[in-house]
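Enquirer: If you scroll down you'll find the structure; I have some questions about it.
The values are calculated or read from the model by the stated rules, or taken from the named source; none is laboratory data. This one's a predicted model, so the numbers in the text were calculated from it and none came from an experiment. Cβ placement follows ideal geometry from the backbone for every residue including glycine, while neighbour counts extend to all protein chains displayed.
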């Protein structure tokens, strides 16, 4: 009897050791552990992660707790290569738009001095030298959640060497209250602190940060509204008027930003997902954030938007007629007016053709896809196992996921030549 008990204990010990070893081997990515009050997350009355009693509504009038912007206290732990590098109390909330309805939801994480340190102090992103962040995003990959799980990250990686304000990316594994919550995209968050870090500006500098139809996130829309009024009243084929407008715009940023969005065939823009900013300094100019490109790289048609590899996104951005799409005349105004100037139009075309041969070429983009896929692949089986039963639209196998990633390669193979054709047809 005694020997049987010892044998049973030995077997259990081996099994536990084996399970722990497998879990460690599966976690090839950095690990973030979030721990919060269970009720704050999952209770029907106040839980921010569940539909619950419907404490808030979205723009469509649907009610659910997860549409609420309520913030809760949590503990944040960051591990890499088996070592915990950061552990602090933070504030967090559910984030995103339509993606809040998905089983795996995004989070905004705030380092807040009311509960802990006022910064996350760690170099999370291999492509950035920064190691101080006041806010981080854990993104579920948005509308791409049940597709490649890296679409937006891919597009930001493609333009990381251009004059584009994108969000650094690091894939991580998340545990929520000790439960495996799958792969997330750890990202920077666009705000005034992002600008200060990237522009090396002091805390004293103020900003105007706008989105969509000059809706104010920070500061004031007065300067941008004045610019729009000027555009509406003047012909920019007149060099004097053109010079007045271009003096208020960071031309390098504008060119790269528009070329990128058109190459991506992103039609959830420019009337949506557009954010832009200007420092309140003498001679400061307007710049644009690359914000939420989920429907690029041919995902848009699946959400009833025009798009796809053949889409003429250049013509889409020249529309001047009322429409229910995201290329309303107010949204295309600046690009349309600037291209009234023949010199600017020629500069834009020449610059775009260069990008299509270099940064946007299949020879450059496909290796980026390969590299991003290789980082996710070891963790994907476990991620699929976690979420495939939660949503019938979620991929059910590694093969399904690989098919989705292959669609990104198909787009990269074809898109540059197609856009060249659109530029040649432009009168």
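Enquirer: What number of residues in the stretch 266-320 are over 21 Å from the mean Cα position of the chain (by Cα) and either in the same structural domain as residue 59 (by TED's automatic domain parsing) or in a loop (DSSP other than H, G, I, E, B) (or both)?
Expert: 13
Enquirer: Spot the failing condition for residue 191; the list is (1) within 17 Å of the chain's Cα centre (by Cα); (2) over 18 Å from residue 84 (Cα atoms); (3) surrounded by 21 or more Cβ atoms within 10 Å (Cβ to Cβ), and only one is missed.
Expert: Every condition holds for residue 191 apart from (3).
Enquirer: Right, next: Which one of 86, 34, 29, 41 is over 23 Å from the mean Cα position of the chain (by Cα) and closer than 23 Å to residue 385 by Cα?
Expert: 41
Enquirer: Going by what's in this entry, would residue 360 be described as under 15 Å from residue 261 (Cα atoms), in a helix (DSSP H, G or I) and at pLDDT 95 or above?
Expert: no
Enquirer: Specify which of the listed residues (140, 108) is modelled with pLDDT of 95 or more, out of contact with any helix residue (DSSP H, G or I) (no Cβ under 9 Å at 6 or more places or on another chain) and within 22 Å of residue 65 (Cβ to Cβ).
Expert: Exactly one of 140, 108 is modelled with pLDDT of 95 or more, out of contact with any helix residue (DSSP H, G or I) (no Cβ under 9 Å at 6 or more places or on another chain) and within 22 Å of residue 65 (Cβ to Cβ), namely 108.
Enquirer: Ok, one more. Being without any contact (Cβ under 8 Å) to a residue 24 or more places away in the chain and farther than 24 Å from residue 346 by Cα: is that true of residue 322 here?
Expert: yes
Enquirer: Scan the stretch 384-396 and give yes if some residue there is assigned to a helix (DSSP H, G or I), touching a strand residue (DSSP E or B) at 6+ places or on another chain (Cβ under 8 Å) and more than 16 Å from residue 155 (Cβ to Cβ), otherwise no.
Expert: There is at least one residue in the stretch 384-396 that is assigned to a helix (DSSP H, G or I), touching a strand residue (DSSP E or B) at 6+ places or on another chain (Cβ under 8 Å) and more than 16 Å from residue 155 (Cβ to Cβ).
Enquirer: Counting only residues that are in a helix (DSSP H, G or I) and surrounded by 14 or more Cβ atoms within 10 Å (Cβ to Cβ), how many does the stretch 363-383 have?
Expert: The total comes to 12.
Enquirer: Give the residues of the stretch 24-61 that are touching a strand residue (DSSP E or B) at 6+ places or on another chain (Cβ under 6 Å), closer than 16 Å to residue 91 by Cβ and without any contact (Cβ under 8 Å) to a residue 60 or more places away in the chain, sorted by residue number.
Expert: Once the filter is applied, which keeps residues that are touching a strand residue (DSSP E or B) at 6+ places or on another chain (Cβ under 6 Å), closer than 16 Å to residue 91 by Cβ and without any contact (Cβ under 8 Å) to a residue 60 or more places away in the chain, the stretch 24-61 yields 40, 48.
Enquirer: Inspect the stretch 71-79 for any residue being over 19 Å from residue 189 (Cα atoms), crowded, with 18+ Cβ neighbours inside 10 Å and modelled with pLDDT of 95 or more and give the result as yes or no.
Expert: Yes, the stretch 71-79 contains at least one residue that is over 19 Å from residue 189 (Cα atoms), crowded, with 18+ Cβ neighbours inside 10 Å and modelled with pLDDT of 95 or more.
Enquirer: Can you pull out every residue in the stretch 123-144 that is outside any helix (DSSP H, G or I), closer than 18 Å to residue 98 by Cβ and in contact (Cβ under 8 Å) with a residue 60 or more places away in the chain?
Expert: Selection gives 138, 141.
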